[in-house]
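The values are calculated or read from the model by the stated rules, or taken from the named source; none is laboratory data. Small disclaimer: the values here were computed from a predicted structure and weren't measured. Note that each Cβ is placed from the backbone with ideal geometry, even for glycine, and that neighbours are counted across all protein chains shown. Keep in mind that these areas ignore ligands, DNA and RNA; they rest on the heavy atoms of the full protein, side chains included. Shrake-Rupley method; radii C 1.70, N 1.55, O 1.52, S 1.80 Å.
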Amino acid sequence: MKVLAVYPGSFDPVTNGHLDIIRRGSRLFDRIVVAILRNPEKEALFGLQERRRILQRATSGIPNVSVDSFDGLLVDYAQRRGARVIVRGLRALSDFEYEFQMALMNRRLDSSIETVFMMPSEAYSYLSSRLVKEVVRLGGSVTGLVPSEVELRLGARVGNRRRKATRKPATRAQRRSRG
Ligand code: ADP
């Protein structure tokens with residue numbers, strides 16, 4: 001019997017930690033569907049279609065991976081797709097409490113679906129989409145932590161926002177030094 005797994009998340013944006021989990025999952029399961037949660041309550045930096053296209057390109061070298069999006073209950077989505085496994089990544093202890101609750105709630109909702117936790121390489125175990133956005137916003141480099149396409153898009157997006165936010169009239173001293 002073929003085992004289909006769903007790997008749900010926000011992926012705003014995808015990091016090399018997510019890709020590490022996807023690669024590991026692709027070796028373990030016959031097929032893995034990366035499912036982006038459509039969550040109107042969580043304001044995303046990247047739109048749904050953009051996240052979807054980025055993920056598609058980032059996983060195009062892995063044949064048994066596909067990308068989709070969903071809303072509503074994850075177990076309902078998994079059921080519709082015929083998936084018996086939910087994959088989640090586990091980083092530090094801080095992930096554990098929330099993931100434990102989610103896994104047990106999902107089991108209560110549908111006991112035929114099993115949650116499988118996977119650990120990324122330690123190089124990515126401190127990495128999160130939120131931290132990546134924060135570092136770029138503050139002017140730091142995220143090279144090697146996200147696909148290069150994400151790095152470029154983040155630079156453009158966050159850079160634009162920062163320029164807009166900080167555009168102030170030049171001071172007299174600045175005008176004088178510009179001549
Ligand atoms: P969510 O909003 O569902 O937490 P994320 O996109 O942040 O969405 O994460 C999706 C899944 O990937 C979660 O299981 C999360 O724990 C896992 N994950 C996020 N970053 C990493 C990482 N660096 N290494 C391993 N797993 C990760």
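General remarks:
- Mean-position separation - Cα centroids, the stretch 109-146 and the stretch 11-78, in angstrom: 12
- Test item: Cα-centred dipole of the stretch 3-82, Lys/Arg +1 and Asp/Glu -1 on Cβ, debye: 320
- Residues listed by number, the stretch 1-33, amide nitrogen under 15 Å from LEU109 label point at 7 Å toward C-beta: 6-10
- ILE54 sits among other residues whose Cβ lies under 15 Å from its own Cβ, and their net charge, with Lys and Arg +1 and Asp and Glu -1, is +2.
- Amide H contacts of ALA5 (H built 1.01 Å from N, under 5 Å, at least 5 apart or other chain): ARG31, ILE32, VAL33
- Of ALA5, LEU45, GLY72, farthest towards positive along the dipole that unit charges on Lys, Arg, Asp, Glu beta carbons give the stretch 4-125: ALA5
- Computed about its Cα centre, the charge dipole of the chain is approximately 1420 debye, with only Lys, Arg, Asp and Glu carrying charge at their Cβ.
- For the stretch 4-125, carbon and sulfur atoms together expose 51% of the accessible surface, with a 1.4 angstrom probe and every protein chain in place.
- Between the amide H of SER69 and those of ILE36, distances stay under 5 Å, these residues lying 5 or more places away or on another chain, with hydrogens modeled in the peptide plane.
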